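To keep things clear, I will list the structure first and then write my remarks on it.
The values are calculated or read from the model by the stated rules, or taken from the named source; none is laboratory data. In this text the structure is predicted, and so the values were computed from the model without any measurement. Positions of Cβ are generated from backbone atoms using ideal geometry, with glycine treated the same way; all protein chains shown enter the neighbour counts.
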């Protein structure tokens, strides 16, 4: 049976099936991580990103594929985690731009949209690399274009798209040497192949997995919620100034109460007087609002001046806080109480926001001037929305973000682009770089001057990380066995050993040079002060003129973080 068009119902089914397909293959995609570290997170990131996009689509009751595509793009933008999630959001941003005015998609529309998807993805990456998800979407679009010469059946075209993507995925190791060395295909590309496979299965009426949404418990399991605990349990419900978390989506120009045209600044300014934690994201058709307020009714009434309310959510945060405190007390019986995380005030109206996990690390960053924190890092990359929320809740007039992880750069940049205040992103790839960058901060300088000075400091530190291998592999000339410890220097696995301290000392030896003066040892949850001191003693034997600092970081996954300056 020939399928001539994709209508809104089919499109919704395609998106939900793709989200489900990714959810069911999270562990497999994560296993394709090049490094055999216990925090490969491409599958987690791309699945959570797609799940957010799918939720936006399902909550949109429009009958237009073009409008559903806009919802998908918005959901992916706000939910994007990690570089894979951000690139996926750009793929579907290009798709949405191409089909914006289409109620249904024919073969020409589909092929044009896929071509625009590839172009949008390549533009989003500063230095596009072949052998990645970019290659897969480009080849997928080419496969669709070639099939269009033979048929106008969108089901057959989507099969060709999927098959071309799969062929491209298999060739990624030939384009990216590190993939061939380790013996895996590109993880982000694999995620996209699963998406396109689901699309093809729906259009061809082949069996797909049952419709499934990630419930809160599954979401928590995927991002390892134990690493995301905050100081919220310490807040007294009576101290919450604005008690209702109010969210609404306004569809411009619809409804009986409309009496004015949307203009961003007046719309935002009125809501800002009603509460805090305000976030307004809009395009030509809708505005999505999040605000903490004592007057949710006034918020909703304000929205109706501009359009009808197609989505409303109001939560009593004081009641929620009471439940959190109750649950925390139940779960913490017999366990030591964690120290409260550090707090800081803005610096001349500026927020410095660091992505960090571990109370000890937060205290270190706080002592250097960081004012706000996003609990995250490896295996728990914050989404664009998460980063925006912290920017917004800081009440700052300007902000600097320290991602401290290369896989968070793109989400941080997207958040900076849509933030309502000027935001600069310092490209710190590691915790050590983030700490060193703070030495370039001057409270009397402008946002741009501080950004530039902090960027300049990044090259003055050598970063080392110690963790254990989760599988056997051969990489960089090393024969690594499962459970051995590995030393990673500036992102490259450089040493391995079955003993944690031996591996760390081997790594430090490779990090030292004639200009080395200071070695900082930060021990995590899987280590302790005594082990850190043993490493310091070994380093002193190598060069007794080195200054050695030891700090407790509380970080998971990495027993030791080492910096050499």
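Put simply, of 31, 69, 49, 8 the only residue that is closer than 21 Å to residue 121 by Cβ and over 14 Å from the mean Cα position of the chain (by Cα) is 69.
List the helices (runs of 4 or more DSSP H) that sit entirely inside segment 1-88 and contain at least 1 residues that are more than 30 Å from residue 466 (Cβ to Cβ) and in contact with a helix residue (DSSP H, G or I) (Cβ under 9 Å, 6 or more places away or on another chain). Working first, answer last.
Working: elements: 8-24, 26-31, 42-58, 65-79.
Answer list for segment 1-88: 8-24, 42-58, 65-79.
For the condition assigned to a loop (DSSP other than H, G, I, E, B) and surrounded by fewer than 24 Cβ atoms within 10 Å (Cβ to Cβ), what is the one hit in 115, 171, 102?
Working: 115 fails: assigned to a loop (DSSP other than H, G, I, E, B); 171 fails: assigned to a loop (DSSP other than H, G, I, E, B).
One residue alone meets the criteria, 102.
Scanning segment 345-365 for residues that are under 30 Å from residue 466 (Cα atoms) and either at pLDDT 90 or above or touching a strand residue (DSSP E or B) at 6+ places or on another chain (Cβ under 8 Å) (or both) turns up 352, 353, 354, 355, 356, 357, 360, 361, 362, 364, 365.
Answer yes or no: is there a residue in segment 119-133 that is under 20 Å from residue 10 (Cα atoms), buried (at least 24 other Cβ atoms within 10 Å of the Cβ) and either without any contact (Cβ under 8 Å) to a residue 24 or more places away in the chain or under 29 Å from the mean Cα position of the chain (by Cα) (or both).
So in segment 119-133, the residues under 20 Å from residue 10 (Cα atoms) come out as none.
No, segment 119-133 contains no residue that is under 20 Å from residue 10 (Cα atoms), buried (at least 24 other Cβ atoms within 10 Å of the Cβ) and either without any contact (Cβ under 8 Å) to a residue 24 or more places away in the chain or under 29 Å from the mean Cα position of the chain (by Cα) (or both).
Condition check for residue 525 on (1) within 16 Å of residue 548 (Cα to Cα); (2) touching a residue at least 60 places away in the same chain (Cβ under 8 Å); (3) in a loop (DSSP other than H, G, I, E, B): one failure, at (1). Checked against the criterion of being assigned by TED's automatic domain parsing to the domain that holds residue 483, surrounded by 19 or more Cβ atoms within 10 Å (Cβ to Cβ) and either more than 23 Å from residue 469 (Cα to Cα) or touching a strand residue (DSSP E or B) at 6+ places or on another chain (Cβ under 9 Å) (or both), the candidates 550, 542, 522 yield just one match: 522.
Condition (residue is touching a strand residue (DSSP E or B) at 6+ places or on another chain (Cβ under 8 Å), at pLDDT 85 or above and either closer than 22 Å to residue 208 by Cα or surrounded by fewer than 23 Cβ atoms within 10 Å (Cβ to Cβ) (or both)) applied to segment 11-32: is it met by at least one residue?
Filtering segment 11-32 for residues touching a strand residue (DSSP E or B) at 6+ places or on another chain (Cβ under 8 Å) gives 11, 14.
Those still in the list that are at pLDDT 85 or above too: 11, 14.
Filter once more, so that each one left must be either closer than 22 Å to residue 208 by Cα or surrounded by fewer than 23 Cβ atoms within 10 Å (Cβ to Cβ) (or both): 11, 14.
So far as segment 11-32 goes, yes, one or more of its residues are touching a strand residue (DSSP E or B) at 6+ places or on another chain (Cβ under 8 Å), at pLDDT 85 or above and either closer than 22 Å to residue 208 by Cα or surrounded by fewer than 23 Cβ atoms within 10 Å (Cβ to Cβ) (or both).
Hey, which of the helices (runs of 4 or more DSSP H) in segment 177-290, taking only ones fully inside, have at least 1 residues that are modelled with pLDDT under 85? In segment 177-290, the matching helices (runs of 4 or more DSSP H) lie at 177-182, 216-222, 264-272.
Every listed requirement among (1) out of contact with any helix residue (DSSP H, G or I) (no Cβ under 8 Å at 6 or more places or on another chain); (2) closer than 28 Å to residue 365 by Cβ; (3) modelled with pLDDT under 90 is met by residue 477 save one, (2). Apart from one condition, residue 444 fits all of (1) in a loop (DSSP other than H, G, I, E, B); (2) farther than 17 Å from residue 561 by Cβ; (3) in contact with a helix residue (DSSP H, G or I) (Cβ under 9 Å, 6 or more places away or on another chain); the exception is (3).
For segment 474-485, the count of residues that are in the same structural domain as residue 376 (by TED's automatic domain parsing), without any contact (Cβ under 8 Å) to a residue 40 or more places away in the chain and either part of a loop (DSSP other than H, G, I, E, B) or out of contact with any strand residue (DSSP E or B) (no Cβ under 7 Å at 6 or more places or on another chain) (or both) is zero. Of all residues in segment 40-63, those satisfying the criterion of being touching a strand residue (DSSP E or B) at 6+ places or on another chain (Cβ under 7 Å) and buried (at least 24 other Cβ atoms within 10 Å of the Cβ) are 45, 48, 49.
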